[in-house]
Structure formats: structure tokens, C-alpha cells
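Encoded as C-alpha cells, the structure appears first; notes follow it.
Read the figures in this text as sums done on the coordinates, not as results from a lab. Remember, predicted model here, so these are calculated numbers, not experimental data. All Cβ positions, glycine included, derive from the backbone under ideal geometry; neighbour counts span all protein chains shown.
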């Protein structure tokens, strides 16, 4: 209409309003909406048939649900709490049947603990803002005092459990269990996993997770990184300044092929990795990297 009114030559490209979906075994497009309206008026389909599945498609429904959720969690702090609460709730509900370390741990009792945490975490995520709680004063521990006095007196405190073997943690299983529980799509290749994390209604951020890495002291670590956009030298100082306030990660320059790109990366010690911390790192990196990508390139490329 605007082009016609201004008498300006132009080209209109229409890409549809939603992602295509499927319903009852057939593909849905924007044309399906008009066909459904006509069929409804002709009495070929009923009120139930013309509701959400036909009008918006399955992928459209997911986008609407995601948009509604994201509208309630509008900053990094709330996003992390929201993602962690949902991931842990799903891990807990899997019990011991989901396979992997995450499900097994939940089956051994972590599910009950996280179940008690869920209401508070979701409530905090949905709150408009949060005020840091004042630190509670430390209180004496009478049991510790008794134990210390008994040991000093030379009284035995029971077995020392020296023969127990340390639990072996499979970091890949932990990360995989979190991705599955959260409904993230991911691909594995050797010691690398690439996870796609929804950040908004129609935006996603890819995170590469590398296993088998070691820090400077030789401790095994898990490395997470996500591409934010092309490296521009004039941004180097600004990105270094941002590193003082980023959460779960730091900006770095990485060469991929012959191209230098800005990445947000973080490391975790393999020996202390756990599902809740993995969820926090994935959420924080995805959110922050996507925010920077919008500033650097203005579109969802990574």
C-alpha cells in the first residue's frame, strides 16, 4: 500500500509469518490458514479443527509458547534461573530411567532436593527484580565442636572409609543429560558437542562444548564457547572491559579457518562438574553471546 501511494518502484518479498509445521501427517504453511477458514465456513471442519494446530502450525505453537516465557524473563539473571529450573525439574522427573549421570543422580535423591528448590527458583525468575539477601550471621556448630573435642581426646570416630574408590564423572554424560532435559538440539562428534539453545521466540545461539581439554596445571576441563561475530580491532579494548562484568565466561578472539571471530568462552573443572552448574553456564553464554551478536552483526547467524 505504501509503495502504491508513493508511486515508488519496489519489490516485496514475503517469507511467511511463522515456521512451517505439521498436523495430522501433512505439512502446514501460511496457505493452510486460509484453506482452514474456507473449510470451516463450508462445514468441512469443526471448531476444534480450526484452532491452534491449524492456524499456527506446531512450530508456530512452540514459538508462541517460547515468546510468552521469554517475555516474563527479560534479563540474564532471570533467564538463567528460568532455564535452570526447567532443566532440573525435567531431570528430576526422569528419575533413573533417562540414562546418563544426570538421571542417575536424580534417581539417588537429588530429584527431591531440586523439587523443593523449583518453586523458589521459578518465582525468582518471574519476579520483576530481585534484591540481594543480607548475609546471615554464622552460628556455632555444636556437633563440630563435640567431634573436635572427641578426636582430641583420642576417642575413635568410626571408620575412615579409606578403601572407598572415588566416583568417576563422565562430563559428556552430564552435559548431554542437561541438553536432553532442556529440550536443546545437539550434535556430537568425538570429543566435541554442539548445542543449539533458544534465547528468544525465534532466536537461537549455538554453543560448542569441547571435552578432553586441560588447564595450565594439567587438570581436565570442559571448554564452552560461542561465536558472537567478526573480530574488529577497535572493539578489543571494549570487550576486555566487558570481561570484568560478564557472568560465566570471558570474551576472546578465536581463529576459525582464516577468519578471526569474537567468542564468549568458559571452562569448568571436570572433577566438580554437575548438572545445575552446566545449565547455568550454557544459559549464561547463550544469552550474553546472542546479545553481543545482535550488536555486532544485527542478525541471528550463530
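Numbers below:
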{"quantity": "Cβ-derived FRET efficiency at R0 25 Å, residue 35 paired with residue 203, nearest 0.05", "calculated": "0.25"}
{"quantity": "Percentage relative contact order, the range 164-244, counting C-alpha pairs under 8 Å, at least six apart", "calculated": "17 percent"}
{"quantity": "Ranked list, fewest to most other Cβ atoms within 10 Å of each Cβ, for 207, 227", "calculated": "227, 207"}
{"quantity": "Cut-off 16 Å, label 7 Å out along Cα→Cβ of residue 194, residues of the range 218-242 by amide N", "calculated": "224-229"}
{"quantity": "Order by protection proxy (mean Cβ within 10 Å, highest first), peptides 35-43, 246-254", "calculated": "246-254, 35-43"}
{"quantity": "Viscosity 1.306 mPa s, temperature 10 °C, Stokes-Einstein D of the range 170-296 from Kirkwood C-alpha radius, µm²/s", "calculated": "106 µm²/s"}
{"quantity": "Fully extended contour minus Cα-Cα distance, from residue 259 to residue 277, at 0.36 nm per residue", "calculated": "3.3 nm"}
{"quantity": "Gain in span if fully extended, residue 185 to residue 219, counting 0.36 nm per residue against the direct Cα distance", "calculated": "9.3 nm"}
{"quantity": "Square roots of five times the Cα gyration tensor eigenvalues for the range 251-302, Å", "calculated": "24, 15, 7"}
